[in-house]
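Remarks on the structure that follows.
The values are calculated or read from the model by the stated rules, or taken from the named source; none is laboratory data. A quick note: this is a predicted structure, and the numbers were derived from the prediction, not measured. Backbone-built Cβ (ideal geometry, glycine too); neighbour counts: all protein chains shown. Heads up: the accessible areas ignore ligands, DNA and RNA and are worked out on the full protein's heavy atoms, side chains in. Shrake-Rupley method; radii C 1.70, N 1.55, O 1.52, S 1.80 Å.
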Amino acid sequence: LLSPEKKMGKDLGAAHYVALRDDSDLIAKKIAKAVTDGGEGKSAGATNLLALLKEFADPMVYQQYKAGADDGTLQYGELKQVLAGAIASHFAAYRERVKELEAKPEYVRQVLAEGARKASAVANKTLAEISEKVGLVGRAD
């Protein structure tokens, strides 16, 4: 967000990306600080914000802001508010589910243990099949 010419990632620090668990206020702060240009709508920052808007907002909303970028009337403050709201809304159910699961650590441990048992059974079966096919089973040394 702060270095739009670079790939968004954690290497540059928390201000350079929106995390799935960021709350609405933090998302708004990060998007508000995102680099934009002086009004041309053609910079890497503007392109980045519009690409995010295309992914997270309604297509009609995206088209409205894209048209503003194309004709030079794009208002970045407004774009950033709309984008922050769209991203926060998109991940709201995820954040709520995380909170629910954090309140039930024993349930999470049980689900993980059951998943591990199932994965182990599948892996052992696959390993046995492969071992037999490559001749590692039933050989007398």
Hey, residue 116 hits all of (1) farther than 23 Å from residue 24 by Cα; (2) open to solvent by 100 Å² or more (accessible area, probe 1.4 Å); (3) modelled with pLDDT of 95 or more but one; which does it fall short on? (2)
From the list 110, 75, which residue is at pLDDT 95 or above, open to solvent by 50 Å² or more (accessible area, probe 1.4 Å) and more than 18 Å from the chain's Cα centre (by Cα)? 110
Any pair with Cβ under 6 angstrom, 6 or more apart, that starts in region 83-97 at a residue that is touching a residue at least 40 places away in the same chain (Cβ under 8 Å) and ends at one that is β-branched (Val, Ile, Thr) and in a helix (DSSP H, G or I): 83/31; 84/27; 84/31; 87/27; 88/27
The conditions are (1) among the basic types (Lys, Arg); (2) open to solvent by 60 Å² or more (accessible area, probe 1.4 Å); (3) over 15 Å from the mean Cα position of the chain (by Cα), and residue 80 fails exactly one of them. Which is it? (2)
